[in-house]
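A short worksheet on the structure shown next.
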Amino acid sequence: MDSIIKDIRFAIRNLLKHPGFTLTAVFTLALGIGATTAIFSAVNPILFEPLPYPHASSIVTIWYAGADGSRVEEAFGSYREVVQRSHSFDAIAVMKPWQATMTSTAQPERLLGQRVSASYFQVLGVKPSLGRDFDASDDRLNGPNVVIISNELWLRRFGGDKTVVGRQLTLDDKVFNVIGVMPRDLENVLAPVAEVWSPLQYDMSLGTAWGHHLRMVGRLRPGLRVDESRRELDSIAHTPITDFPRVPWASIAQGFIVNPLQDDVTAGVKSALLAVLGAVMLLLGIASINVTNLLLARGAQRRGEFAIRAALGAARARMVRQMLTESLLLALLGGAAGMLVADAGVRALVALSPPGLPRVNAIVIDSTVFAFMLGITTLIGVIVGLIPAFHASRNDLHMGLQQSSQRTVGGHHLARRTLVVMEVALALVLLVSAGLLLRSLRRLFAISPGFDTSQTLTMQVQASGRRFDLATTERFFAQALEAVHRTPGVAAAAFTSQLPLSGDDDEYGARFEGDDPNTGYNVFRYAVSPGYFETLRLPLRRGRLLDEHDVADAPPVVLISESLAKRKFPDRDPIGQRVHVGPTNRPWYTVVGVVGDVKQVSLAVNQPDAVYISTSQSWFTESVQSLVIRARGNVSAITPAIKQAIWSVDKDQPIVRIATMESLLAASAGERRFALILFETFGLVALVLAATGIYGVLSGSVAERTREIGVRLALGAQRPDVLGLVLRQGLTLTLGGVGIGLLAAWALTRLLANLLYGVTATDPLTFGGVALLLTIVALLACYIPARRATKVDPLVALRYE
């Protein structure tokens with residue numbers, strides 16, 4: 001123990017004696033360890049830790065299997081049938097989004113929540129911290145108006161009053177009794193922003209009367225596997241019984257898709273997070289290589305010291321332990337500084353995280369993250385110390401004493417040069433990945449969304465409450481639109497039932513006249529007010545647009561998208577064709593126009609089939625609509641005036657989701673942008689570290705070869721020859737690393753395929769451009785020590801020897 005303490009004291013004195021070396025090594029390790037810790041803090045709770053529910057692996061999601069293998073939301077009748085016929089589950093629940101307006105405050109407040117079946121929280125395995133859970137008597141037709149609220153809403157609205165159970169909330173002009181408060185640590189991964197829950201209260205006798213709009217989750221019985229439950233549900237799907245009649249559009253004959261809840265929650269971000277984790281591990285490797293090279297250089301300068309210690313009787317194991325003690329101390333200092341980097345990195349990750357990133361609130365530096373940081377710090381300390389310790393301990397005593405003078409410090413540099421080659425190779429992999437993502441994002445944003453996003457503002461408006469029947473709702477939106485049109489700065493405005501690139505997903509079955517009654521097309525269905533196409537500047541391809549003459553008592557008309565027209569009517573005119581959109585018991589809509597395709601989901605998803613009907617001719621009036629405004633000037637400047645115009649019609653209606661169309665366009669590529677920012681950051685750091693590594697090796701080589709260079713110059717070598725000698729040495733290392741890096745990148749960048757658009761994972765332009773960039777930067781790093789070599793005075797060098 002006493003000898004270990006002596007080693008630590010000696011290591012501290014040695015590091016303090018060389019502050020430049022110590023600060024460089026600590027800073028380099030802090031970057032690598034801090035960045036890795038920050039990324040791990042995000043990846044661990046999302047991908048590796050179980051969801052925060054009891055026996056979370058038993059919770060599964062249940063979807064219809066579409067004809068193309070896609071996941072389709074459930075109909076209420078299917079839920080009712082599965083509940084009655086299945087034996088694989090302890091509990092099954094369904095849910096749908098709920099936007100409730102609380103109107104008892106100074107301004108109306110939109111609360112995001114869920115309508116759920118009574119067993120919802122039983123499936124998750126959580127209970128209210130105050131009050132009670134829902135029971136079967138709550139979830140029935142015309143049942144009581146009851147709600148369970150989140151801990152955040154309880155604190156904000158009721159000030160944390162523990163007598164809240166039994167109190168009342170006014171939601172959508174209805175009085176609801178609060179029956180429970182959920183725990184503070186509840187993570188509702190199925191609806192992270194939900195603050196209020198209420199029972200569905202569907203009529204269980206109307207099992208086939210509801211569309212595909214419910215998400216289903218279940219908790220498996222103990223010991224039951226997911227594949228066993230899937231087989232049972234498929235059996236149910238393929239063996240209908242008369243007790244549960246099925247209509248064609250609610251058929252479950254394709255079977256079910258059953259996935260662990262965690263797989264469903266992480267499916268959209270798993271590829272990006274694993275790619276980022278791999279990138280940061282490459283960065284940590286580059287940082288470790290740099291510090292190893294620094295320690296090797298220090299070891300070369302300390303050969304005389306080690307030789308003297310060996311001559312005085314120091315054992316090889318003792319010298320290895322001394323070197324490892326120094327590297328571990330460096331790593332611990334780097335880890336301590338890395339915690340500061342990690343803390344800043346976590347804040348940046350949360351701020352930059354794409355909208356769909358699950359469990360954002362769980363991205364923190366906790367005990368698990370700290371243990372991970374301590375583990376990699378120790379591991380890095382051992383790894384970066386082993387090679388220098390091995391080289392120091394194997395020195396020949398006689399040669400070491402000969403090389404104790406600073407004049408002849410030299411020896412084998414194979415290890416250092418090999419490490420530089422590895423560093424360049426790893427940096428190239430990171431830079432190629434960043435380059436591919438950058439080119440992909442540029443290609444993505446070069447795609448037209450189908451409309452003009454400039455000078456366009458959007459906001460969501462809701463008509464809620466018992467006083468809003470169909471006629472009142474239609475009148476409210478009409479009056480609100482008139483008030484908006486009168487607002488200074490508004491060039492055009494319109495309402496729509498769903499907004500492109502906003503996350504809205506309103507799909508209906510469309511069946512054209514003459515089609516098989518049991519088939520149809522899934523299309524995006526837009527109910528729009530006159531002026532919608534002019535506001536977004538959607539191009540008219542054929543026929544006419546919807547206008548103010550398309551009212552309720554006029555012949556029903558519809559516009560269809562260009563892609564749908566080409567696919568359905570490739571060799572005939574679509575104008576005049578008739579189509580059912582949704583219910584088939586209503587009059588046919590006649591196609592009067594064809595408009596350009598619109599990107600509804602994202603720029604990367606080609607799902608353009610759409611139909612447009614007038615809100616006046618829809619079979620129901622949407623209570624939640626998006627207002628689209630084209631401004632004459634600054635869109636942000638007119639936002640307050642537009643809100644006041646709407647509130648002048650009804651002050652109790654909430655206005656939310658205010659955004660420009662340009663911001664929605666940018667957010668639609670959030671996952672790719674998130675990965676790009678991280679890869680670009682890591683790539684730039686890797687480029688700097690690689691250049692630093694090359695510079696360090698060549699600088700050390702020039703210092704060690706001062707006598708040789710002096711002799712060359714004394715014998716007639718020209719200074720350009722010396723310059724070329726050093727540059728060739730650096731270029732050889734660089735090209736070796738570039739060659740290895742290109743092969744590694746060719747193999748590894750395929751893992752980014754899911755994040756790329758319009759660019760292959762082996763894009764030759766990106767590979768070539770990055771290789772050229774890295775070579776140029778490396779040559780610049782070589783030039784300074786090469787230039788220093790040309791300034792060696794032969795007489796001084798020989799006299800010094």
Selection status of Ala641, part of a helix (DSSP H, G or I), in contact with a Ser or Thr (Cβ under 9 Å, 6 or more places away or on another chain) and either within 21 Å of Ala480 (Cα to Cα) or open to solvent by less than 40 Å² (accessible area, probe 1.4 Å) (or both): yes
Of the criteria (1) open to solvent by less than 40 Å² (accessible area, probe 1.4 Å); (2) within 22 Å of Leu676 (Cβ to Cβ), which one Arg443 fails: (1)
Filter pass, Phe134 being assigned to a loop (DSSP other than H, G, I, E, B), closer than 29 Å to Ser78 by Cβ and aromatic (Phe, Trp, Tyr): yes
Flag if Asp547 is without any contact (Cβ under 8 Å) to a residue 12 or more places away in the chain, assigned to a loop (DSSP other than H, G, I, E, B) and surrounded by fewer than 20 Cβ atoms within 10 Å (Cβ to Cβ): no
Selection count, region 446-491, where residues are assigned to a helix (DSSP H, G or I), among the hydrophobic types (A, V, I, L, M, F, W, C) and open to solvent by less than 80 Å² (accessible area, probe 1.4 Å): 8
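Given the structure, is Asp504 open to solvent by 20 Å² or more (accessible area, probe 1.4 Å) and more than 18 Å from Thr621 (Cα to Cα)?
Spelling it out, it is not the case that Asp504 is open to solvent by 20 Å² or more (accessible area, probe 1.4 Å) and more than 18 Å from Thr621 (Cα to Cα).
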Selected residue [of a type outside the set (Ser, Thr, Tyr), modelled with pLDDT of 80 or more, within 30 Å of Ser271 (Cβ to Cβ) and open to solvent by less than 60 Å² (accessible area, probe 1.4 Å)] from Leu731, Leu689, Leu684: Leu689
Residues of region 763-787 classified as among the charged types (D, E, K, R) and in a helix (DSSP H, G or I), total: 1
Residues within region 524-544 that are open to solvent by 20 Å² or more (accessible area, probe 1.4 Å) and in contact with an Asp or Glu (Cβ under 6 Å, 6 or more places away or on another chain), tallied: 3
Filter result for the condition that a residue is touching a helix residue (DSSP H, G or I) at 6+ places or on another chain (Cβ under 8 Å) and either surrounded by 13 or more Cβ atoms within 10 Å (Cβ to Cβ) or not basic (Lys, Arg) (or both), over Pro555, Pro654, Pro608: Pro608
Condition broken by Phe48, with the remaining ones in (1) under 25 Å from the mean Cα position of the chain (by Cα); (2) open to solvent by 50 Å² or more (accessible area, probe 1.4 Å); (3) in contact (Cβ under 8 Å) with a residue 12 or more places away in the chain satisfied: (3)
Condition broken by Val759, with the remaining ones in (1) outside any loop (DSSP other than H, G, I, E, B); (2) surrounded by 15 or more Cβ atoms within 10 Å (Cβ to Cβ); (3) out of contact with any Cys (no Cβ under 9 Å at 6 or more places or on another chain) satisfied: (1)
Residue within region 578-600 that is out of contact with any Lys or Arg (no Cβ under 9 Å at 6 or more places or on another chain) and part of a helix (DSSP H, G or I) present: no
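The values are calculated or read from the model by the stated rules, or taken from the named source; none is laboratory data. If you're wondering where the values come from, they're calculated on a predicted model, not measured in any experiment. As a convention, Cβ positions derive from the backbone with ideal geometry for all residues, glycine included, and neighbour counts pool all protein chains shown. These accessible areas exclude ligands, DNA and RNA; they are computed on the full protein's heavy atoms, side chains included. Shrake-Rupley method; radii C 1.70, N 1.55, O 1.52, S 1.80 Å.
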